Amino acid sequence: MMKLHKFNIIVLLLIAPFLLLSCEDFVEVEAPDNKLVQDVVFSSDATAKSAMIGIYNQLFLAAFSNGERSSVTLLAGLSADNFRNINTTNIVRMEFEQNQLVPDNDSNLDIWSSAYNTIYMTNAMLEGLHNSEAITPELEMQLEGEARFVRAFTYFYLVNLYGDVPLILSTNYRENQLAVRNPSADVYIQILEDLQIAMDLLPIDYINEERTQVNKFAATALLARVYLYLEDWEQAETLSSQVINETSKYELLSEVNDVFLANSKEAIWQISPIGGGGLITNTNEGSIFIIDPIFSFFAAIQLEEEFVEVFDETDRRYINWIGYNEGIDAYFAFKYKIWSSTEFPIEEYSMVLRLAEQYLIRAEARARKGDLSGGIEDLDVIRERAGIALVSESNPGIVQQELLDKIFEERRKELFAEWGHRWLDLKRTGRAEEVLGANNPLWESTDLWYPIPAEERMKNPNLSQNSGY
C-alpha cells in the first residue's frame, strides 16, 4: 500500500497549482505559474492520467461531494424531511434543518466554493488537453469525456441548489472573479452539451474494472436524470433504458446489503476513500450516519421518525438500511456498514449513481407520458427487490397521479441518504412548500434556494443574491 500512497502524493503535487487557482484565490496566482504546471502535467499520457485521477480523488475531499458534514448528501438531506440533527446547538446545520439559512452560513460556503474549485480543475484539465500535443488521441478523448462529465455533474448540483449561477468555462481568473450569474436555462444547456460529448468520448468499459472512473453509461445515467428534471420524458425514458438494458454490466442486486460494496454490479459510478490519501478506508457516509453502539456520543445525525414510519416492517430496506441505537433512542441510515476502518482492500465505496435510480427515472417518465403499465412494471422491479406488495397485484387499476405519488414515495425510500434526492425531488415536483411548510411555521417559498454565500458576494460585486436573503 506504500506505492498507492506515494502515487496519491504525486498526483496531489501535480494538481496542487490547480487547487491554488480555486474561485477563492484567482487574483493571487500569476498566469505564468499555471502555464509551467500545464507543461508538466500534460507532457505525457501518464501525467495526464494522474491529473484526472487527482480530480476523482479530490471529490472524496471536496465538501460538496465527500459525504461528510458539509456535503450535499447531508445538508440537502437536512433541508428535506428525512434527517434531523441530534445536536440542536449546532447552528450551522440547524439552519439547513429549519430552512432558515443565512448568507454567511459556513457550510453553505463550503458547498459553493468546493464545487467551483472542482469546476476550475476540470476547466484546467480541458484546456491542458487542448493545448498539449503530447497526449495520444484516444486518451485525450477519454480524459476530455471524464472532465466534461465531472463538470456537468458539479453544475447539476449548483443549479439545483442555487438556481442561477456563474457559468465558468475557463481558467481565466481575471474574468472569473467578476462573473455574473447565468440563467439556470443556460447552465442546463452547458450540462447537456458536456454530457452528450462525454457519452460520445467515454469508453463503454470501466478502466481497470474500477467503477470510480466514469464510462459512457455513467454519462448516460446522469443525462437521463437531467432530462427528467427538465421534464423531457421521452429522452429520460430512452436514456435510462440504455443503462437498464446494459445487463452485462449492471444488475439490481437481490441482496440489498451488497448494493454499496466497492464495484457492486448495481453501481454506475462510485467515489473511493483512497482519495483521502491516508490510512482511513471507510466512506465518509459511514462515519457520519452510523451511530456506533459504543461511541454514540460522536453521533450528529439521526433519521426522522416520521420517515422511518413510511416503511413497511417487512421492507428489506427497513430491515437492512435503517439502524437503531437504543442508548440514544435514535434511528440512523445504515446503507454503509463500516463506521471506521483502516483495512485493505476497501470494502465500501461512496455511491453516486446506481441502477435503481434509473428504474425510478424510467418509471416516472413512463407514467408522465401516460404509459401506466410501463411505469408500474419499473416501479414493481424496485418494490419486488424490497420485498413489498407489487402495484400490479395490489392496485392494477391505479390512475396516473396515484402512480406518480407511489413513485415519489419509492424514490424517498430507495434513495434516502444519497445526494439529497428527497430535497431535489420535492423542489422539482413543486411539492416542497406543501410537504415541508406543513410542519415548519417559518417556511417561506424563497427557502427553495440556498443563498449565494456572503463571502463570495463580498469578493465579487457582480454576484446577485437570491430572493428572501
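Only the coordinates and a few stated rules stand behind these numbers; no lab work does. Because the structure is a prediction, the values reported are computed rather than measured. Using ideal geometry, Cβ is built from the backbone for each residue, glycine included, and neighbour counts are taken over all protein chains shown.
Structural remarks
- When each of the peptides 142-148, 217-223, 156-162 is scored by the mean number of other C-beta atoms lying within 10 Å of its residues, the order from highest to lowest reads 217-223, 142-148, 156-162.
- The ratio of the alpha-carbon radius of gyration of the range 277-392 to the globular-protein estimate 2.2 N^0.38 Å is 1.30.
- Additional length obtainable on full extension of the chain from Thr88 to Asp258, 0.36 nm per residue less Cα span: 57.8 nm
- The chain - convex hull of the alpha-carbon atoms, volume per residue in Å³: 138 Å³
- Counting only alpha carbon atoms, the long axis of helix 137-162 and the longest principal axis of the chain meet at about 50°.
- Out-of-range pairs (alpha-carbon distance over 27 Å; input Lys216/Lys337; Lys249/Lys337; Lys49/Lys427; Lys369/Lys406): Lys216/Lys337; Lys49/Lys427
- Fewest neighbouring Cβ atoms within 10 Å first, the residues His130, His421 line up as His130, His421.
- Extended-chain gain in nm, criterion 0.36 nm per residue less alpha-carbon gap, Glu343 and Phe297: 14.2 nm
- Sorted by Cβ density within 10 Å, fewest first, the residues Phe408, Phe83: Phe408, Phe83
- Sorting Glu313, Glu127, Glu255 from the fewest to the most surrounding beta carbons within 10 angstrom yields Glu313, Glu255, Glu127.
- Between the Cα long axis of helix 106-131 and the first principal axis of the chain there is an angle of about 50°, rounded to the nearest 10.
- Sequence ranges 70-76, 179-185, 289-295, ranked by mean other-Cβ count within 10 angstrom, highest first: 70-76, 289-295, 179-185
- Cα→Cβ-extended label distance, 7 Å offset, between Glu384 and Arg457, nm: 5.2 nm
- The Kirkwood hydrodynamic radius of the range 314-463, based on inverse pair distances between different Cα atoms, is 18.4 Å.
- Cα centroid of the range 269-327 to Cα centroid of the range 158-179, whole Å: 34 Å
- Segment Lys369-Asp312, extension gain: residue separation times 0.36 nm, minus the distance between their alpha carbons: 17.6 nm
- Qualifying trypsin sites (Lys or Arg not before Pro) in the range 185-234, DSSP loop, other Cβ atoms within 10 Å at most 16: none
- Normalised by residue number, the volume inside the convex hull of the Cα atoms of the range 239-309 is 168 Å³ per residue.
- Restriction of the GluC sites (Glu not before Pro) in the range 335-364 to DSSP coil positions whose beta-carbon has at most 12 other beta-carbons within 10 angstrom yields Glu343.
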